[in-house]
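This report concerns only the one structure given below.
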Amino acid sequence: MPESENFSFDRKFLKRFLRILTVILRGKSSMIILYLLFVTILYETAAYNIGMITGTYYKALGERDVTEFWQQTIKALVLIAVIALLKSIQNYIASSVYLEWRRQLTDRLLSRYMQGLAYYELN
C-alpha cells in the first residue's frame, strides 16, 4: 500500500493535531467556544424539559384537567420557541468558530510561507 493511502492515528498525527490546536485556540476563538458551550447547555436543558411535558399531558388527559392541559400546552409552545432560538444561535456561533479557525490557520500558514521573503529592497 502506498504511503499516501495509509491513514492511521499515530504519533505523527497526534503531534500535528496538537500543533493545529495551539494555533486555533488562541485569541477570541476560545471565548467563542465558551459561548457555544453555554448555548449548547441551555439548548439541552430546554430539550430535556420539553421531553418531560409528554408525561404531564397524559396525566392531564387522563384526569380530564383542562387547566393543566392548557398550561402544559403554553409551556410546550414557549419551550419550542426557546429551542428554535437557541438552535439558531448555536448554528451561528458554530459558523463563527469555523470562520475564526480558518482565518487563524490561514494567517499562520501565510506568515510562515512569507517568512524570510523580501519583495522590496530599501535604499
_Given (1) under 27 Å from residue 101 (Cβ atoms); (2) open to solvent by less than 90 Å² (accessible area, probe 1.4 Å); (3) in a helix (DSSP H, G or I), identify the lone condition not met by residue 56._
(1)
*Does residue 39 qualify as being modelled with pLDDT under 90, assigned to a helix (DSSP H, G or I) and not polar (S, T, N, Q)?*
no
*Determine whether the stretch 67-78 contains at least one residue that is in a loop (DSSP other than H, G, I, E, B) and exposed (fewer than 10 other Cβ atoms within 10 Å of the Cβ).*
no
_residue 32 surrounded by 12 or more Cβ atoms within 10 Å (Cβ to Cβ), β-branched (Val, Ile, Thr) and touching a residue at least 60 places away in the same chain (Cβ under 8 Å)_ = yes
_Can you report the number of residues in the stretch 1-57 which are aromatic (Phe, Trp, Tyr) and under 30 Å from residue 75 (Cβ atoms)?_
5
*Taking the condition open to solvent by 90 Å² or more (accessible area, probe 1.4 Å), in contact (Cβ under 8 Å) with a residue 40 or more places away in the chain and either outside any loop (DSSP other than H, G, I, E, B) or basic (Lys, Arg) (or both), does residue 26 pass?*
yes
*Test: residue in the stretch 110-119 that is of a type in the set (Ser, Thr, Tyr) and part of a loop (DSSP other than H, G, I, E, B)*: yes
_Report every pair of residues separated by at least 6 positions or lying on different chains whose Cβ atoms are under 8 Å apart, first residue within the stretch 43-67 and closer than 14 Å to residue 81 by Cα, second charged (D, E, K, R)._
43/87
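The values are calculated or read from the model by the stated rules, or taken from the named source; none is laboratory data. Bear in mind that the values here come from a model prediction, so they are computed numbers and not experimental data. FYI the Cβ positions are ideal-geometry reconstructions off the backbone, even for glycines, and counts take in every protein chain you see. Areas reflect the complete protein model, heavy atoms only, side chains present, ligands, DNA and RNA absent. Shrake-Rupley method; radii C 1.70, N 1.55, O 1.52, S 1.80 Å.
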